[in-house]
Every structure is written in structure tokens, then in C-alpha cells.
Amino acid sequence: MRRGAGGLALSLAATLVAACAAPRPGPGGVADLAPEERPADRSDEASLWLQADRREEQLEASPSVVRDPALQAYIRGVVCRIAGPHCPRIRAYVIRDPAFNASMAANGLMEIGTGLLLRLANEAQLAHVLGHEIGHYLRRHTMQRWEDFQAKAINLRAEVGSLAAFSRDQEREADQLGSELMVKSGYDPREAPRVWERFMAERGGRPTVASNIFLATHPPTAERVAALRNYAEKTVVTTGEPRIGRDDYVAHLRPARRWMLRDEVRRHQFASSETLLRFLIEAGDSLGELYFSEGELHRLRGALGDLTRSVAAYRRALEFPDAPPETQRSLGLVYLRLEDRAAARKTLARYLEDRPDAQDRALIENQIAELEAAR
Amino acid sequence: MTRSARLGALATCALLLGGCASPSRYRLVEPGARSTAGAYTVQPGLAWSSIGAGKVETWTIDGLSLESLRFFTGIAEGESILGGRAAEDRRARFSTSMTLPEVAEFVADSLFGRFPPRNVRPARFGGAPGFRFEVSYTTRDGVHREALVAATVLQKQLYVIAYTGTSLHHFARYRDEAEHVIDSVRLTGASARTQPQ
């Protein structure tokens, strides 16, 4: 879609209102889904919906679904703000998965990985990702992909998993629609390219892990970032100051942040975690937790120089009130490895003072007793 | 036996043993002394079915999906406990430079991921310094399970015994037997000679 800058927002909004009010043919010739529309009985599309319904039934019992009412309500609010009349059909599940991952099924089942949430800086960036996924749903991309496979006589049994991965054109289209939905909802579209720029910086040219459907077949490219940036530059948000929503986003994510960081460090993707932590530390929120996580990264990696770096990170963490009590535990164990027994004894004792309900109390007490005996 | 009865028996077997397409892969473990990887012996009080060998051997009585006793033996420097589906470069690896609380952390992370261990405590493993802990966890399909884990490091190699079972009934059913097996560990060979008794 190419448009001039003047009056873009109004015409864009009008187009989108129309898009949400009535089906319109997408570029592939398939009409967009209308609100409340369901596929015809016994159609291929109905079968795709049924498969997604089954997936949703599995999620109901899955321990991977994050069942935090406040976080769910927040995500739901942003989904509805973007999806408008389609809101009741989009069911967003937050999945405890430290990878940068999100998916949209044919029936409106959306899965958002916690690793993705950890990597977003504000609500506008969340709106872009949600809008991108909603774009796949509105444009019936799963159905189009199915029809492509049939037309090409591809072995469907072998390829059915690939339905979750959209084509390059579909990704472009979803990017575009995601940005349009952002603008319509009053978000700042300049945040959209930043999602992908930051992710590309984190990858640092390393290949994307093939198991990640969201990124594997169509990874973020400079071309996609340029298109999003170009769109943002040409777009004027007319509904007052464009919303970024950093404070709201950070406040809603904060209760989950500690375990999200723990999951991140334990992915053992240390290089990308290190870059991510650098970004988060620059943003400056929850520095005690972040420096603790940096210390954990070095302690778990244990390469040359890592233990010394972990000590520096833990000590920095302890300068902030939000450093978890486990900082003393980890620091004490690293002192032990570095054979600074006095510091180890003192720091481990401090951990037990700060964490009276520590689940490893008996083991740590045993460690302290051994240090005492060796004095 | 009719064909349908045989199919029924096979289906039951598959259900109980978690897909025993080849039942002969299982070996009977009689009550009495049994050597594990040449490092220690155990004395089960009940008859178990055993599958696997080498670095991971698994025992069960009623079926793997109901309860299992797993023996991870001789995990050396730079090795992971579970191969699993994680890419080669994404597995936590054992290091002999870990402190004992870090070894416990490594075992819990490797076997149970984000489900935290409870009551991590020092416990002798056949006379060697080691630890035990419990974990409650949920499988991908929503089944609640419990685990009891015992481990030690012998001659720079990690040894773990992990008993797991469904929270509903099976974990409790053989817990005493599992603890009996763990308590019966006796170090053998070089392992025994290097540990204070």
C-alpha cells in the first residue's frame, strides 16, 4: 500500500473501519473475516478451525499457560483496543516460553510467548506484535496457506506443521496491517520497526533456531524493518499524542519479570541473553533483578573470566533494593568456587538471614558448617 | 486368546508401559543385590521391570507413565543429564567445579525445568556426601506428578536416582520402596575406596 503523507491517517482510519465492518477481498482474493463470521460447515477452513480448537483444549490443561489474571486482563485490553469488533473472537494466551515467539491460528487462538513480552519495551510495541498476529487472522492467512499447499500438490501430511509458518508476502502484509491497526488505535507506529531492530541486534547475525516457527522461515530482515520505518515516517496519528505506554507496560510485566529473567538465563543462549540484558539495563527498570540475572548468566556459563564478572554483577545488584535474596546465595557460592572462604561463609549466612524459608537451607547450612570446620 | 483379547492385552501393555512396542526390551529386576554401572549396588525389595542401560536405566512396576525410578550414571564434565529435544548448545552441562548446592540446582533444572525443588538437604549416597530433594511438577498434558531425587558426585562424575510418579496414587504407592532402593546404595570398586565410610 503506497500513499502520500497528507491526510493519510484519516483515510487510513476510514479504510480500517470499513475493513472491520464488512468483509473485503485481501490481496490474495480471499475476503477478510467479518466479525462473528465462522467458516461453512465441512469446509477445509472449518477443519482448520477444528484443529485449532483442539489445540486450545490442550492449552486449557497445559502448565505452560500463564494464568495471571492481571496480566491476562492487560493483554486482553490491548487486543481489544486493536481488534475492535473482532475482539471477542481473539483469544490471547500467554505461554511460558522464553523464546521470542508468537502465533495465530485460523480460529483466532493467539499464543504469545513470555520471551517475546520480555523483549518488548512498551505497549506500542506490544500493539504492533498483536496487530501483526491479528492481521494473519483477519486475512485468513492459514486458510490461504492451506490452499497454496493444495494447489501445489504438496504432501499435506508432511507439511501440515508448516501451516503455522506464513509466507514472506503474508508476513509483509501482516506487518503492514499490524502498523495500520496500531495507528488506528492511537499507538505510535515508530515503535514497530524497533521491535525487529532490537531482535536483529540480539541475534547479532547468528541464525535463528529452526524450531521457532515465528522466526524460522521468515526472519526479521532489514527490508521488513525499512518498510515499517517508511510507513511510520509517512503516517500521522490524528488522535492526539501517539501512545507509547511504557510505564503501563513495565508495571504490568513487573510481577512476572523475575521468573521471565530466570527462564531467559536458563535457555543457555548466553550471547543473546547478554545482549538482551544490556538493552534492559539501559532501559533502567528493576536494576537489582537485572544485575542479578547478569551475574547468574556468568555463573551458569562458567567460561574464563565469568566468575569474576558474576561477582561484579551480584555486587552491583546488591546496590539496588530489588535485588533478590538469592543474590547473596549465588555470590556466596561463587566466592566458594573462587576459594574466598571467609566471604563465602559471610555471604551464605546473609542469604539464610534474608531468606528464612529457603528451600535449600539445610544444604547451605551444611556448606557453612564445612567452611567453619576448615577455619 | 482371541484376536480382540490379544489386541486388548497389547493396548493395555502399551498404556502401562508407555508404548512398549517391543516388550522384550524390558528386563526383570528381581529383589536382591544389583550393580549399577559398576559404581554402586542397590537392593530392591520388589520386582521391577527395567529398560535402558549405560548412562540412563529406568525401572517401573506399573508402567512408565505411572511411576519410574531412573538411574543417571557417570555424567562427566561437560555432559548434560538429558539429551532431550534441546539443541546441542542449549543444554545445561555438568561441571566438576560446581559446589554441591550448584549441583543440586543443575539436577533440578535439568530434570524439572521451572518447577522448583523443595527441602534440598544433605544426604549420604552410599556413604558419599550427596543431597536429596522433592519436586511437584506438571507434565505437558496437565498430569500432576511428584519426584524424589537423590544424587552425589563420585570421582568427578555425577550419579542421580530420580523416583517420579503421578500425584494421584502412584508416587505414594512405591515411595517407601524407592527410598529403600536409595538407602540401599553401596558404593563399589574405586568409588568405595575414595569415600570416607
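The values are calculated or read from the model by the stated rules, or taken from the named source; none is laboratory data. Computed from a predicted structure; not experimentally measured. Note that each Cβ is placed from the backbone with ideal geometry, even for glycine, and that neighbours are counted across all protein chains shown. Each accessible area value is taken on the protein alone, full model and side chains, heavy atoms only, with ligands, DNA and RNA left out. Shrake-Rupley method; radii C 1.70, N 1.55, O 1.52, S 1.80 Å.
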Exercise for the section: Could you work out the relative contact order of the stretch A:227-311, using alpha carbon pairs under 8 angstrom and six or more residues apart, expressed as a whole percent? Expected result: 22 percent
Practice task
Using a 1.4 Å probe on the heavy atoms of the protein chains only, list every residue of the stretch A:230-279 that has 20 Å² or more less accessible area in the complete assembly than in its chain alone.
Solution key: A:Arg262, A:Arg266, A:Arg267, A:His268, A:Gln269
Exercise for the section: Would you be so kind as to list the residues of the stretch B:91-132 that have their accessible area lowered by at least 20 Å² in the full protein complex compared with their chain by itself (1.4 Å probe)? Expected result: B:Ala92, B:Ser97, B:Thr99, B:Leu100, B:Pro101, B:Glu102, B:Glu105, B:Asp109, B:Arg114, B:Asn119, B:Val120, B:Pro122
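For the pairing of chain B with chain A, what total accessible surface becomes buried, with a 1.4 angstrom probe, in square angstrom to the nearest 100?
Details: alone 10210 and 17520 Å², together 25670 Å².
Buried surface at the B/A interface: approximately 2100 Å².
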Handout entry: Spherically averaged projected area of the stretch A:289-375 from its Cα convex hull (nm²)
Key = 5.3 nm²
Exercise for the section: Mind ranking A:Cys80, A:Cys87 by accessible surface for me, highest first, 1.4 Å probe? Expected result: A:Cys80, A:Cys87
Exercise for the section: Run the quick spin-label model on A:Cys80 and A:Asp354: label points 7 Å from Cα toward the beta carbon, then report their separation in nm to one decimal. Expected result: 4.1 nm
Handout entry: Computed label-point distance, nm, for sites A:Ser43 and B:Arg140 using a 7 Å Cα→Cβ extension
Key = 3.2 nm
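Report the Rg/Rh value for the stretch A:225-285, based on alpha-carbon coordinates and the Kirkwood definition of Rh. Intermediate results must be reported in sequence, preceding the final value.
Values: Rg = 16.1 Å, Rh = 14.5 Å.
For the stretch A:225-285, the value is 1.11.
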Handout entry: Threshold 30 Å² - residues in the stretch A:81-119 whose accessible area is reduced by that much or more when the chain is no longer isolated, probe 1.4 Å
Key = A:Arg96
Practice task
Quote the accessible area belonging to A:Trp259 in square angstrom, nearest 10, computed with a 1.4 Å probe and with ligands, DNA and RNA left uncounted.
Solution key: 60 Å²
Problem - Full-extension gain in nm, A:Ala70 to A:Arg341, via 0.36 nm per residue minus C-alpha separation - result: 93.1 nm
Handout entry: Exposure of A:Glu60 as accessible area (Å², to 10), given a probe of 1.4 Å and all protein chains
Key = 110 Å²
Exercise for the section: Along Cα→Cβ, 7 Å out, is where each label goes; now give me the distance between the ones at A:Thr221 and A:Ala271 in nm to one decimal. Expected result: 2.2 nm
Practice task
Take the Cβ-Cβ distance between A:Leu59 and A:Ser167 as r, set R0 to 22 Å, and report the resulting FRET efficiency rounded to the nearest 0.05.
Solution key: 0.30
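Between Rg and the Kirkwood Rh of the stretch B:109-197, both from Cα atoms, what is the Rg to Rh ratio?
Details: Rg = 14.3 Å, Rh = 14.0 Å.
For the stretch B:109-197, the value is 1.02.
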Handout entry: Backbone N under 19 Å from the B:His180 label point (7 Å along Cα→Cβ), restricted to the stretch B:68-82
Key = B:68-71
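Using a probe of 1.4 angstrom, how much of the accessible area of the stretch B:110-150 is carbon and sulfur, in percent? It would help to have the intermediate numbers written out before the result.
Values: 900 of 1640 Å².
On the stretch B:110-150, the fraction of accessible area on carbon and sulfur atoms equals 55 percent.
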